[in-house]
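The values are calculated or read from the model by the stated rules, or taken from the named source; none is laboratory data. The structure displayed is predicted, hence computed values, not measured ones. Cβ atoms come from the backbone with ideal geometry, glycine included; neighbour counts cover every protein chain shown.
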Amino acid sequence: MPDPRLEPRDFVVALTVVYHDNKGSYFSNTFFNSTVEIVAEKKLVDWELIQLFVMLGGLAAGARECAFTGRADGRRKEGCSGG
């Protein structure tokens, strides 16, 4: 099972072993060199997308609140605009 933090895409994997003999000579041998595809499992509900929409909605509501903090008598409340 791949790590859930890996994005679904293709990865190039090369596995190489490096070894040496009694004379001190080093050798290498690549025994796997291929592309590995990691795909996302299908979810019933995408909680990350819902969380993004909730956060963007909160930011939009906060910006709206800062933009329209006036009162009916024409005076502005202190708050987002700094006075």
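In table form, for the structure just shown:
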read-out: Segment 14-33, subset of a type outside the set (D, E, K, R) and outside any strand (DSSP E or B), residue farthest from the chain's Cα centre (by Cα); value: Asn22
read-out: Where a residue in segment 16-45 is within 27 Å of Arg5 (Cβ to Cβ) and its partner, wherever it lies, is among the charged types (D, E, K, R) and outside any strand (DSSP E or B), with Cβ under 8 Å and at least six apart; value: Glu37/Arg9; Ile38/Glu7; Ile38/Arg9
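To keep it simple, each residue is scored yes or no on (1) part of a helix (DSSP H, G or I); (2) out of contact with any strand residue (DSSP E or B) (no Cβ under 8 Å at 6 or more places or on another chain); (3) modelled with pLDDT of 95 or more.
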{"residue": "Val12", "(1), (2), (3)": "no, no, no"}
{"residue": "Thr35", "(1), (2), (3)": "no, no, no"}
{"residue": "Val45", "(1), (2), (3)": "no, yes, no"}
{"residue": "Ala60", "(1), (2), (3)": "yes, yes, no"}
{"residue": "Cys66", "(1), (2), (3)": "yes, yes, no"}
{"residue": "Asp73", "(1), (2), (3)": "no, yes, no"}
